[in-house]
Amino acid sequence: MTRLAFIDDGELDPLVFIHAGIADARMWQSQADRFASEWRVVRPDLRGFGGTAHSGGEYRHATDLAGLFHGLELAPSVVVGASMGGGVAIDLALDHPDLVRGLVLVGSTYDGFRFLEPALFDQWRVLTEIYEAGRLDEAAELETEIWSGPSTSPEVKRAVVEMVRLSYDHGEIEEAEAEPPASERLEELVMPTLIVLGEEDRVDIARAADDLVNSIPHARLVGVPGAAHLPSLEQPDAFNTILAGFLEQFD
């Protein structure tokens with residue numbers, strides 16, 4: 001288990017944010033600014049992202065996170081995960097239900113989800129060719145474009161490119177698969193759950209959101225206009241209002 005870099009702001013009950021696979025803990029700055037006066041806001045960098053390097057051996061992000069929870073002596077937490085981080089949040093809640101009392105899944109997929117969008121596969125093929133050719137700056141820009149929408153601002157794109165590019169410097173190590181996958185266990189997530197979907201996100205991500213809201217017993221779905229894959233960055237005020245409403249039940 002690797003030691004995760006993290007930012008720990010505020011006091012009281014813990015609110016843990018898990019970043020997307022095209023980002024790191026910095027993507028949650030607007031949320032830390034908004035909620036650190038009311039919550040203990042913890043923002044880890046997953047292995048291979050931000051300030052956390054890879055280490056040798058087989059790993060799972062959820063196991064790394066459980067180690068962080070225990071190391072920080074976090075009480076059962078509300079966990080917010082974006083994209084890949086949402087899948088990690090799901091795995092954490094399934095493996096360690098005592099650590100998670102609420103879930104917010106933002107543009108998330110889950111272990112066992114199958115992408116189907118032909119245009120996305122075409123873009124991924126081009127991205128792989130550019131990445132393997134060592135043109136990493138170009139690859140970071142393309143990966144950012146893949147997950148941007150028509151309303152994504154140049155400022156948000158620049159921030160995402162910077163975070164993606166840093167993750168490339170860490171390199172890639174394949175995460176171990178869970179058995180059985182989360183796709184076979186979603187009904188076990190009995191805690192309050194909010195599904196957040198940018199209305200300009202990819203077709204496959206919208207399909208995953210439908211799967212989640214239909215499979216998790218106490219889930220509801222909220223859309224964010226003018227946002228694609230990262231609503232917390234693209235429309236932070238709208239996202240914070242949605243999150244604040246969800247958090248009211250934990251007062």
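Ranking I146, G245, L103 by Cα position along the charge dipole of the chain, where only Lys, Arg, Asp and Glu carry charges on their C-beta atoms, puts G245 farthest toward the positive end.
Proximity of backbone amide H atoms, modeled 1.01 Å from N, is registered between I195 and L105, R220, L221, V222 at under 5 Å, excluding neighbours fewer than 5 places apart on the same chain.
Of the accessible area of the chain, with the probe set at 1.4 angstrom, what percent is carbon plus sulfur?
Numbers: 5410 of 11070 Å².
The C+S portion of the solvent-accessible surface of the chain is 49 percent.
A DSSP coil position with no more than 15 other Cβ atoms inside 10 Å describes the following GluC sites (Glu not before Pro) in the range 167-247: E172, E174, E177, E199.
Note: the range 2-154, Cα convex hull, 133 Å³ per residue. Taking amide H as placed 1.01 Å from N in the peptide plane, F6 has its amide H under 5 Å from the amide H of D45, each at least 5 places away in sequence or on another chain.
For the range 1-135, what is the relative contact order in percent, using Cα pairs closer than 8 Å and at least 6 residues apart in sequence? Could you put the intermediate results ahead of the total?
On the way: 237 pairs, mean separation 32.9, N = 135.
After rounding, I find 24 percent.
If only the Cβ of Lys and Arg carry +1 and only the Cβ of Asp and Glu carry -1, the dipole of the chain around its Cα centre is close to 260 debye.
The relative contact order of the chain comes to 20 percent, based on Cα pairs under 8 Å that sit 6 or more residues apart. Accessible area per residue for the range 1-147, computed on protein heavy atoms with a 1.4 Å probe, is 41 Å².
Taking K and R as +1 and D and E as -1, what net charge do the other residues with C-beta under 11 Å from the C-beta of P236 add up to? Intermediate results must be reported in sequence, preceding the final value.
Values: positive: R34; negative: D33, E234, D237.
Every neighbour counted, the sum reads -2.
Here's the picture: charge each Lys and Arg Cβ at +1 and each Asp and Glu Cβ at -1 in the range 127-180, and of I130, V161, I173 the one pushed furthest to the positive end of that dipole is V161.
Put a plus charge on the Cβ of each Lys and Arg, a minus charge on the Cβ of each Asp and Glu, and nothing anywhere else: the dipole of the range 104-225 about its Cα centre is then about 420 debye.
The values are calculated or read from the model by the stated rules, or taken from the named source; none is laboratory data. None of these values were measured; they are calculated from a predicted model. So basically every Cβ, Gly included, is an ideal-geometry build from the backbone, and we count neighbours across all protein chains shown. The protein model used for the area step is the full one, side chains on, heavy atoms only, and it has no ligands, DNA or RNA in it. Shrake-Rupley method; radii C 1.70, N 1.55, O 1.52, S 1.80 Å.
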